[in-house]
Amino acid sequence: MAKIFVTGATGQVGSQVVRYIITEKKLDVTRPEDVICLVRNPDKAAKLKELGVTITEGDLLDSDTISDIMNSGIDYVFHIAANILLNQTYEQMYKSNVLGTRLMLNAFVKSKAKCFIYTSSIAVYEAFNDRVKTYTIYENSPIGPLDGLPYTVTKRIAENIVNDYSKRHPDKKFVTTRLGPIVGAGDRQTIPNLVKLLSYRALPKLINKGKNLLSITSPIDVARAQVYLVEYNDDISGEEYNIALEPISYKEIMDVIAEYYNRNPPTFSVQYWFFRLLLPLLRVLNKIFPKFELIKIALSPIAISYIGKTLIYSSNKLKALGFEYKISYRQAIIDSLVDLDPDKELVKPSIGLKFKK
């Protein structure tokens with residue numbers, strides 16, 4: 001009988017980790033109450049409560065609360081919580097993403113817990129800071145510098161701290177997972193933004209005919225991979241693993257979304273150079289129309305990083321351990337759409353399109 005400590009359990013990935021452990025009886029967990037979830041706002045933990053887990057109110061800077069949980073017989077730790085809000089300052093993100101991770105690690109090494117899984121991001125790679133159009137990224141690809149966007153910098157610093165603890169505590173198991181775009185239930189970014197784009201009929205939906213590739217992964221597979229790494233018996237402590245399904249084109253993603261809404265597949269496309277040419281104008285328009293959602297999406301750091309590029313995040317290292325993905329990109333997109341808009345009200349169907357029976 002084991003006990004699990006999970007941070008970020010109300011989030012898209014954390015909630016799936018908790019559900020997977022309980023429903024599949026993983027990691028020798030026999031009672032739902034033996035999964036302890038640190039939650040900042042218990043009001044947002046209704047689904048967790050339905051699973052019967054133990055909810056402890058607190059945040060990543062509550063060192064006493066974290067220590068109490070860690071010393072309550074915990075065996076495995078999933079540190080998933082992070083500040084991912086792009087409008088946050090470096091100081092705000094540093095507190096949660098760096099200091100919070102250090103507090104978790106301090107409590108972990110002083111406890112009897114065996115394994116610490118740290119959830120990082122593919123944003124740590126240097127590819128986000130250069131102009132390469134096609135880039136295949138492996139775990140040993142260059143990591144970016146300690147300057148730039150607050151989120152990427154704080155995740156890089158946190159990874160360095162995890163690596164340091166791993167070297168200083170060889171009796172413990174530390175594993176870092178780097179996640180790409182997560183698409184599925186709970187997605188509030190990738191698919192919702194593309195749905196908004198599809199709702200604007202007169203605007204181009206594709207760049208470079210949608211040929212550029214993107215690796216998306218279901219949160220269900222992310223949860224399975226995290227647990228798989230905890231269960232793996234050979235020595236993998238101190239290792240990092242990308243968790244990312246095989247890449248698909250933006251055109252394929254948009255085609256699935258269009259089919260869901262009974263829309264004709266999008267064909268209106270512009271070249272990447274033309275989009276880059278429009279960026280100064282978009283920035284001016286953003287100042288004039290600050291509430292125009294589509295411009296904000298196009299100008300977001302994530303959009304700028306991905307648009308016009310093919311970024312392939314190889315998970316061969318994880319698959320070499322024997323892990324297999326189960327959720328197809330199509331099912332992941334459908335899961336996201338059903339969760340976002342079950343009644344299909346956000347996008348009107350194409351006129352004259354024959355609906356499928």
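The values are calculated or read from the model by the stated rules, or taken from the named source; none is laboratory data. Since this is a predicted model, take the numbers as computed values, not measurements. Because the Cβ atoms are built from the backbone with ideal geometry, glycine has one as well, and the counts that use them run over all protein chains shown.
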Any residue in region 84-108 that's within 13 Å of Asp59 (Cα to Cα) and of a type in the set (Phe, Trp, Tyr): show its pairings with residues that are modelled with pLDDT under 95 and assigned to a helix (DSSP H, G or I) at Cβ separation under 7 Å, as long as the two are six or more apart or on different chains. none
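So, in region 64-86, exactly how many residues are β-branched (Val, Ile, Thr) and either surrounded by fewer than 19 Cβ atoms within 10 Å (Cβ to Cβ) or in a loop (DSSP other than H, G, I, E, B) (or both)?
4
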Residue satisfying all of: in region 102-145; in a strand (DSSP E or B) and modelled with pLDDT under 85; surrounded by the most Cβ atoms within 10 Å (Cβ to Cβ) among these: Tyr135
Restricted to region 327-350, and to residues that are among the aliphatic types (A, V, I, L, M) and in contact with a Gly (Cβ under 8 Å, 6 or more places away or on another chain), which residue is farthest from Arg188 (Cα to Cα)? Ile327
Can you confirm whether region 195-213 contains a residue that is within 20 Å of the chain's Cα centre (by Cα) and within 18 Å of Leu86 (Cα to Cα)? no
For Leu61, indicate whether it is more than 19 Å from the chain's Cα centre (by Cα), of a type in the set (A, V, I, L, M, F, W, C) and not in a loop (DSSP other than H, G, I, E, B). no
Restricting to region 140-157, count the residues that are polar (S, T, N, Q) and closer than 15 Å to Ser96 by Cβ. 2
